[in-house]
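Visitor: Starting off with a structure, shown below.
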Amino acid sequence: MTKENKLQIIPLGGLGEIGKNMTVIRYNNKIVLVDAGLTFPNEDLLGIDIVIPDYTYLVENQAMVAGILITHGHEDHIGALPYLLKDLNVPVYGTRLTIGLIQSKLKEANITKATLNVIHPNDTVRLGAFRVEFINISHSIPGSVGLAIHTPIGTIVHTGDFKLDHTPVSGDVLDIHKFTELGEHGVLCLMSDSTNVDRPGFTMSERSVGQNIDEAFFHAEGRIIFASFASNINRLQQAISAAVKCQRKVAAIGRSMVNVINIAMDLGYLDIPEGTLIEVDKAMDYPGNQLCILTTGSQGEPMSALSRIASGDHRQISISENDTVIISASAIPGNEKAISRNIDQLLKLGAHVIYEQISGMHVSGHASEEELKLMFSMVKPKYFLPVHGEYRMLVKHAELAQQVGIPKENIFIAENGSVLEFTDEGAKMAESIPAGRVLIDGFGIGDVGNIVLRDRKQLSQDGILIAVLTVSRPTGALVAGPDVVTRGFIYVRESEEIISEVRYLIREAMQECQQKGINQWAPIKNKVKDIVGKHLYQRTGRRPMILVIIQEVNSEAIKDANKKDTAAREATNNPPNYKEMAVKARPKRTMKPKIQAPT
C-alpha cells in the first residue's frame with residue numbers, strides 16, 4: 001500500500017499577532033521555511049529584549065529542511081535568523097539587499113558558516129520536491145518578493161508584505177502579470193498579508209510622503225531630527241533627498257540606522273551625493289539650519305536614540321527650541337504609549353514635533369481592502385489562508401475572501417501551530433503541533449519563562465522584603481536577627497514601626513516552629529512568609545515578594561566564642577582603643593619636599 005502524499009502549511013509565528021513571521025511548508029519528508037522574524041516585547045514582558053518563534057519543530061526535523069526563503073529584510077521577517085542558524089545549517093535565499101542585511105546580523109552574532117544565496121525576481125530555485133519562483137512586489141523596503149511554491153499537490157502563493165504602488169521610490173512595481181499568470185494555471189492556496197485589511201480603498205503611494213517631507217524640511221528653522229525604521233530605506237532616501245534640496249548635511253545615529261545606511265549605500269540602494277553624509281561628532285560643528293539627523297526610535301523603544309534624546313540622556317544630541325522632530329512611522333500595536341510619551345517629552349523640551357497622525361509623514365507598506373481584493377482576482381485560489389495579522393485581521397480577511405467568491409468551507413483561519421493539510425482529496429485542519437514564543441533576555445535564550453516574568457511583575461509593583469535569620473543547627477532556635485531589608489516596598493526610615501512588627505512576628509513564628517519540632521528549612525520559610533505576608537497586606541494593602549534567608553550556625557561554636565570574649569574583657573579593665581590601633585596600623589607616608597614657586 002502506497003503512502004498518501006501530503007502537503008502541509010504550518011505557521012510557527014505571525015498568526016494572531018504582528019511580527020514574528022515564520023511558516024513551514026512541508027511535502028512528505030521535505031520542508032521549506034518562509035521567513036524567520038522577531039517581534040518586540042509589550043509592557044508585560046518586563047526586561048525582555050526581543051521575542052522569536054519557538055522553532056523546536058524545525059530542530060526535531062532538521063534533516064528535512066531544504067532551505068529558508070526570505071521575502072524581505074524587515075526585522076519581523078529576518079530577526080530570528082541569528083538564533084535559528086545556530087541550530088540549523090541550511091541555505092538561505094533572498095534578494096541582494098535582504099541578504100546584505102542578513103549578513104550584517106549574522107556577523108554580529110559571530111555566525112560565519114551560513115550559506116546565503118542571492119536571488120532576483122523571476123528566478124526559480126528547486127529544493128527537493130519544491131520549485132520556488134520569486135515574484136517582484138512593492139513594499140516599504142526594496143528587494144521585496146512574493147513566492148510561488150510549486151509542489152506535486154499544487155501551487156501555494158505567498159504574497160509576503162505587499163501593496164499596489166504604481167510610483168514606488170525604488171522602482172519596484174508589483175508584478176501583476178506574474179500573479180495573473182499563476183492564477184490562470186491554477187493556485188491551490190493563497191497566503192496573503194492581512195495587516196491593513198480593515199482599511200478601505202487603496203494604500204497611498206510612497207511618493208506622496210516625499211512631498212510632505214520636502215515641505216516640512218523647507219519650513220524647518222533649526223535642526224531636523226528624522227525618526228523612522230532603519231530598514232525603511234525608501235523613506236530614508238526621501239529624507240536624504242529633501243536634505244540635499246535644502247542644503248543640509250545628514251548624520252545618522254543609532255547602531256541599526258548606521259548599519260543599514262552603510263549596507264544600502266554599498267549595494268546601491270541609497271543615492272547620497274558625496275559630502276552629504278557626515279559623522280555625528282562633526283555634526284555639532286554645523287548650524288542647526290544646515291543639519292538633518294536620521295535616527296532610530298520611531299516606536300518609542302526605551303534604549304533607542306530618539307528615546308534617549310527625549311529624556312535628555314543622549315551624550316551627543318540635546319533638544320533646543322528651534323529643533324523640528326519628524327516621526328515618520330505608524331505605531332505598531334502595543335507601542336502607542338511609549339511613542340506618545342516621547343512626543344510629550346520632546347514638546348516639553350521645546351521641539352516642534354511632526355508625527356504621523358496629524359501630518360501625512362507616513363504611508364503604510366501594506367495593502368488595503370481594494371488591493372487585497374485585486375490579489376484574489378489575479379490569483380483565483382481554490383483555498384485561502386490569511387496570514388500576517390492579529391486574529392481580528394485574519395477574520396476580516398476571511399470575510400473579504402467570501403465577498404469575492406471563495407467558498408467559506410475553503411477558507412481557514414489558523415493559529416500558530418495549526419496544521420493545514422492538503423491531499424488529493426482536499427484540505428483539512430490536522431492535529432496541531434506545539435508552537436509558542438521564545439523570550440530573549442540579554443544573552444539568555446528561552447531561560448526566562450512565566451514564573452520569572454511573574455516575579456518581575458511582582459517586584460515592579462510591590463517591591464521585595466528580605467528577612468535574614470541566623471539559626472542554631474541542632475536546636476533550630478533563633479540565635480541572631482532577624483535582619484529585615486526592603487527595596488521598592490516602603491521607605492524604612494519612615495516605617496520603623498512596621499519593620500519592628502515584622503521582626504516580632506518572625507520571632508513568634510520561629511518559636512512556634514521550635515515548639516512543634518519543625519526543623520526543616522522549607523516549612524519554616526513558608527510559615528514566616530505566610531505570617532509576614534498577611535500582616536503586611538493588612539497594614540499596607542501591598543503584597544511584596546518575601547525572601548527568607550536562613551543562615552545555619554553551630555551553637556557550641558557560639559558558646560565557645562562567647563566564653564573567650566567574656567574572658568578577654570575580664571582580663572583587663574582597659575578595653576582596647578580601636579581608633580588608636582587603627583592609626584598605628586596605617587602605613588607611614590614619605591613626606592615629599594615642598595616645592596617653592598619661582599619668584
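The values are calculated or read from the model by the stated rules, or taken from the named source; none is laboratory data. All values reported here derive from a predicted model rather than from experimental measurement. Counting neighbours? That spans all protein chains shown, and the Cβs are built from the backbone with ideal geometry, glycine included. Side chains are part of the model used for accessible areas, which takes the heavy atoms of the whole protein and leaves out ligands, DNA and RNA. Shrake-Rupley method; radii C 1.70, N 1.55, O 1.52, S 1.80 Å.
Visitor: What's the number of the only condition in (1) open to solvent by less than 60 Å² (accessible area, probe 1.4 Å); (2) touching a helix residue (DSSP H, G or I) at 6+ places or on another chain (Cβ under 8 Å); (3) under 20 Å from R26 (Cα atoms) that M375 fails to meet?
Guide: Condition not satisfied by M375: (3).
Visitor: Just to be sure I understand, how many residues within the range 104-136 are among the β-branched types (V, I, T) and more than 30 Å from N28 (Cα to Cα)?
Guide: Here is the first cut: in the range 104-136, the ones among the β-branched types (V, I, T) are 111-112, 115, 118-119, 124-125, 132, 135.
From the residues that got through so far, the ones that are more than 30 Å from N28 (Cα to Cα) too are 111-112.
Of the residues in the range 104-136, 2 are among the β-branched types (V, I, T) and more than 30 Å from N28 (Cα to Cα).
Visitor: Looking at T486, T470, which is the one that is modelled with pLDDT of 80 or more and either in contact with a His (Cβ under 9 Å, 6 or more places away or on another chain) or under 17 Å from G541 (Cα atoms) (or both)?
Guide: Numbers: T470 fails: either in contact with a His (Cβ under 9 Å, 6 or more places away or on another chain) or under 17 Å from G541 (Cα atoms) (or both).
The conditions single out T486.
Visitor: How about the range 224-296: which helices (runs of 4 or more DSSP H) wholly inside it have at least 1 residues that are within 15 Å of Q316 (Cα to Cα)? Break it down into steps so the answer makes sense when it comes.
Guide: Numbers: elements: 233-245, 255-266, 280-283.
In the range 224-296, the matching helices (runs of 4 or more DSSP H) lie at 255-266, 280-283.
Visitor: For the range 237-259, name all the residues that are surrounded by 21 or more Cβ atoms within 10 Å (Cβ to Cβ) and touching a helix residue (DSSP H, G or I) at 6+ places or on another chain (Cβ under 7 Å).
Guide: Residues of the range 237-259 surrounded by 21 or more Cβ atoms within 10 Å (Cβ to Cβ): 238-240, 242-243, 248, 250-254, 257.
Of everything in the range 237-259, those that are surrounded by 21 or more Cβ atoms within 10 Å (Cβ to Cβ) and touching a helix residue (DSSP H, G or I) at 6+ places or on another chain (Cβ under 7 Å) turn out to be Q238, A239, A242, A243, R248, V250, A251, A252, I253, G254.
Visitor: Quick check: is even one residue across the range 152-167 surrounded by 24 or more Cβ atoms within 10 Å (Cβ to Cβ) and in contact with a Cys (Cβ under 7 Å, 6 or more places away or on another chain)?
Guide: Yes, the range 152-167 contains a residue that is surrounded by 24 or more Cβ atoms within 10 Å (Cβ to Cβ) and in contact with a Cys (Cβ under 7 Å, 6 or more places away or on another chain).
Visitor: Please verify whether I339 is assigned to a helix (DSSP H, G or I) and open to solvent by less than 40 Å² (accessible area, probe 1.4 Å), treating the condition exactly as stated. Give the steps one after another, and end with the answer.
Guide: Numbers: assigned to a helix (DSSP H, G or I): yes; open to solvent by less than 40 Å² (accessible area, probe 1.4 Å): yes.
In short, yes.
Visitor: When only residues in the range 301-321 that are outside any helix (DSSP H, G or I) and among the aliphatic types (A, V, I, L, M) count, which is least open to solvent (accessible area, probe 1.4 Å)?
Guide: Step one: filter the range 301-321 for residues outside any helix (DSSP H, G or I), giving 301-304, 311-321.
Narrowing further to those that are among the aliphatic types (A, V, I, L, M): 303, 317, 319.
On the way: M303: 151, I317: 2, I319: 30 Å².
By that ranking, first place goes to I317.
Visitor: Can you name every residue in the range 237-265 that is free of Cβ contacts under 8 Å to residues at least 60 places away in the same chain, closer than 25 Å to K107 by Cβ and not aliphatic (A, V, I, L, M)?
Guide: Hits for the range 237-265 are G254, R255, S256, N262.
Per-residue answers, yes or no, for (1) free of Cβ contacts under 8 Å to residues at least 12 places away in the same chain; (2) farther than 30 Å from T155 by Cα; (3) open to solvent by 10 Å² or more (accessible area, probe 1.4 Å):
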site: E181; (1), (2), (3): yes, no, yes
site: F202; (1), (2), (3): no, no, yes
site: Q211; (1), (2), (3): yes, yes, yes
site: D214; (1), (2), (3): no, yes, yes
site: F217; (1), (2), (3): no, yes, no
site: G222; (1), (2), (3): no, yes, no
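Visitor: Here's something else I'd like to know. Scan the range 499-556 residue by residue and report those that are touching a strand residue (DSSP E or B) at 6+ places or on another chain (Cβ under 8 Å), at pLDDT 80 or above and more than 25 Å from L459 (Cα to Cα).
Guide: Within the range 499-556, R507, M510 qualify.
Visitor: Turning to a different aspect of this structure: Have a look at V132, V145 and point out the one that is open to solvent by less than 10 Å² (accessible area, probe 1.4 Å), farther than 15 Å from I9 by Cβ and hydrophobic (A, V, I, L, M, F, W, C). Write out each step before concluding.
Guide: Numbers: V132 fails: farther than 15 Å from I9 by Cβ.
The conditions single out V145.
Visitor: Another one. Scanning for something in contact with a Ser or Thr (Cβ under 9 Å, 6 or more places away or on another chain), among the β-branched types (V, I, T) and at pLDDT 65 or above, does the range 443-465 turn up at least one residue?
Guide: yes
Visitor: Just give me the residues in the range 503-523 being within 41 Å of the chain's Cα centre (by Cα) and among the hydrophobic types (A, V, I, L, M, F, W, C), in sequence order.
Guide: Going through the range 503-523, the residues within 41 Å of the chain's Cα centre (by Cα) turn out to be 521-523.
Once the filter is applied, which keeps residues that are within 41 Å of the chain's Cα centre (by Cα) and among the hydrophobic types (A, V, I, L, M, F, W, C), the range 503-523 yields W521, A522.
Visitor: What are the pairs with Cβ atoms under 8 angstrom where one residue, in the range 32-54, is more than 14 Å from I440 (Cβ to Cβ) and at pLDDT below 80 and the other, located anywhere, is assigned to a loop (DSSP other than H, G, I, E, B) and not acidic (D, E)? Sequence gap at least six, or different chains.
Guide: N42/G334; E43/G334
Visitor: Under 6 Å by Cβ, and 6 or more places apart or on different chains, what pairs join a residue from the range 301-313 that is over 18 Å from A230 (Cα atoms) with one that is modelled with pLDDT of 85 or more and part of a helix (DSSP H, G or I)?
Guide: Close Cβ pairs satisfying both conditions: A310/N342; A310/Q345; A310/L346.
Visitor: Checking S208 against (1) of a type in the set (S, T, Y); (2) assigned to a loop (DSSP other than H, G, I, E, B); (3) modelled with pLDDT under 90, only one condition comes out false. Which one?
Guide: For S208, the failing item is (2).
Visitor: Looking only at the range 137-162, count how many residues are at pLDDT 95 or above and assigned to a strand (DSSP E or B).
Guide: Of the residues in that region, 10 qualify.
Visitor: State which residue pairs qualify: first residue over 14 Å from R487 (Cα atoms) and open to solvent by less than 40 Å² (accessible area, probe 1.4 Å) and inside the range 455-476, second residue modelled with pLDDT of 75 or more and of a type in the set (S, T, N, Q) in any location, beta carbons under 8 Å apart, and separation of 6 or more residues or different chains.
Guide: V468/Q551; L469/Q551; T470/Q551; V471/Q551; G476/Q514
Visitor: Collect the residues in the range 503-534 that are surrounded by fewer than 17 Cβ atoms within 10 Å (Cβ to Cβ) and either of a type in the set (S, T, N, Q) or touching a Phe, Trp or Tyr at 6+ places or on another chain (Cβ under 8 Å) (or both), keeping them in residue-number order.
Guide: Matches in the range 503-534: Q511, Q515, N519, Q520, N526.
Visitor: Follow-up. For the range 262-300, give me each residue that is on the phi > 0 side of the Ramachandran plot, surrounded by fewer than 17 Cβ atoms within 10 Å (Cβ to Cβ) and out of contact with any strand residue (DSSP E or B) (no Cβ under 9 Å at 6 or more places or on another chain). Break it down into steps so the answer makes sense when it comes.
Guide: Within the range 262-300, the subset on the phi > 0 side of the Ramachandran plot is 268, 275, 297, 300.
Going one step further and asking which of them are surrounded by fewer than 17 Cβ atoms within 10 Å (Cβ to Cβ), we end up with 268, 275.
G268 - this is the single residue of the range 262-300 that is on the phi > 0 side of the Ramachandran plot, surrounded by fewer than 17 Cβ atoms within 10 Å (Cβ to Cβ) and out of contact with any strand residue (DSSP E or B) (no Cβ under 9 Å at 6 or more places or on another chain).
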